[in-house]
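One structure is given here, and the rest of the page talks about it.
The values are calculated or read from the model by the stated rules, or taken from the named source; none is laboratory data. Since the model is a prediction, treat every value here as computed from it, not as a measurement. Cβ atoms come from the backbone with ideal geometry, glycine included; neighbour counts cover every protein chain shown. Surface areas here come from the heavy atoms of the whole protein model, side chains and all, with no ligands, DNA or RNA. Shrake-Rupley method; radii C 1.70, N 1.55, O 1.52, S 1.80 Å.
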Amino acid sequence: MRLLLNFSLGLLFAVSCAGVTAQPLLERLNVDIAATSRYYFEPTQTPDITIDNLAYGARGEVLASQRFGVVKFDAKLFANWDSADDHRRYADIRQAKLSGRWGNISAAAGVDTFFWGVSESINLVNVINQSDIKESLDSKVKQGQTFASLSYRLHAGEIGLYFLPNFSAREFPLRPAYGLPISDSNHYEDNDKNGGIAARGLFYLDDFEFAVGYFNGTRRDPLLVQQPQAGELTPFYLQTENLLFDAIYLGDSLTYKWEFKTGRELNSGFVASNIGVEYPIYALEDTLQELVVIAEYVFDDRGDRAESHGQNDLFLGTKFEFAENSGQIRLLYSYDMDNASQYAEASCQYRLNDYLRIKAKIMGVLSATADAKRLYALKNEEFAKFSLHYAF
């Protein structure tokens, strides 16, 4: 991993320096480099973890593409360095794939990041990639996944089959901490570790868009299990089989969204759902280009085995952009209807000019009882992060 990190950082630097020269050679080349900082408002209560509350760092991202006849190559490389947490000194190949289309048939292979789902809070059906929680605790950022796919384009949609040969275990930063240190050893149900297989059909019907999917393999989100008399948490990965559904309907004034997942884990069935609405407000068009109010309800009958803290939770939020697309703000709040635990996050980005932009995010657990195990473990781990980006 250290060799990959050094190589990727060197590659990012080399590409950044050669960007102007290389531009004519590539159909697309974009580089984003940033100075980063992260601040925890309180010292960690997790034993055996000593880390500064304030950390600074750097990150870089390179996107490139080139077409060779009907075949196209796409790449996305990412690298991060952190002053305080050596777990955040890493690199990842987000994308490195070849793809082509021949009539209605397309094929692709390599490494890619996929996004399935429609919800703003928790994407229950986004099951292909491992989450990069070192970059984003909300699981919205994903690591690259090796794959091979075959798709067929329909008159109003597309169906695809996916083979996922490798599985990548989740890598945890030192902070946010989970009450106990995370073990470097992973355990797997039946000692089985596989990327899995998947299928997805996406269909369009006027203002209605929906998808039906299937996944069978090792679940990307582990359970954190404390072994008897052990002073650490061990990631335990389940085998899972999922039937997936997501849909979005554009009404006259409301947008309706739904994600649904059912399947089997640990020899028992489960059901999970995220249903919500979005309502646009146009009263402040002179100041705000887009203002949307969001309400979503997440239910998961797996309880503590669920893949997120959303088990019987109401999510409320808003997102809006300022005029001329110079700034964006997103607010999200969740309330656990079982034990009154609360979580909130706020993020924003602002474009200074064509090359520079700033990003900021603050998130934390407002209150949590011991029954809400996922949120309770993150109490006193509130943090804010800031980054200044230069892109060309």
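At a glance:
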{"item": "Residues (of a type in the set (A, V, I, L, M, F, W, C), open to solvent by 40 Å² or more (accessible area, probe 1.4 Å) and either touching a Gly at 6+ places or on another chain (Cβ under 8 Å) or assigned to a strand (DSSP E or B) (or both)) located in the range 149-174", "result": "L150, L154, I159, L161, F163"}
{"item": "Sole exception among (1) of a type in the set (G, A, S); (2) more than 22 Å from I122 (Cα to Cα); (3) at pLDDT below 95; (4) surrounded by 15 or more Cβ atoms within 10 Å (Cβ to Cβ) for A177, by number", "result": "(2)"}
{"item": "Residue check for D184: free of Cβ contacts under 8 Å to residues at least 24 places away in the same chain and of a type in the set (D, E)", "result": "yes"}
{"item": "Some residue of the range 346-360 being part of a loop (DSSP other than H, G, I, E, B) and either among the aromatic types (F, W, Y) or under 20 Å from N274 (Cβ atoms) (or both)", "result": "yes"}
{"item": "Residues (open to solvent by less than 20 Å² (accessible area, probe 1.4 Å) and either in contact with a helix residue (DSSP H, G or I) (Cβ under 7 Å, 6 or more places away or on another chain) or within 17 Å of Q130 (Cα to Cα) (or both)) located in the range 75-108", "result": "F78, A79, N80, D82, R88, Y90, A91, R94"}
{"item": "Qualifying positions in the range 183-210 - over 23 Å from E241 (Cα atoms) and open to solvent by 40 Å² or more (accessible area, probe 1.4 Å)", "result": "D184, S185, Y204, L205, D206, D207, F208, E209"}
{"item": "Check on K359, charged (D, E, K, R), in contact with a strand residue (DSSP E or B) (Cβ under 6 Å, 6 or more places away or on another chain) and either farther than 24 Å from Q328 by Cβ or surrounded by fewer than 15 Cβ atoms within 10 Å (Cβ to Cβ) (or both)", "result": "no"}
{"item": "Candidate set: the range 319-345, residues that are charged (D, E, K, R) and not in a loop (DSSP other than H, G, I, E, B); chosen: the one surrounded by the fewest Cβ atoms within 10 Å (Cβ to Cβ)", "result": "E324"}
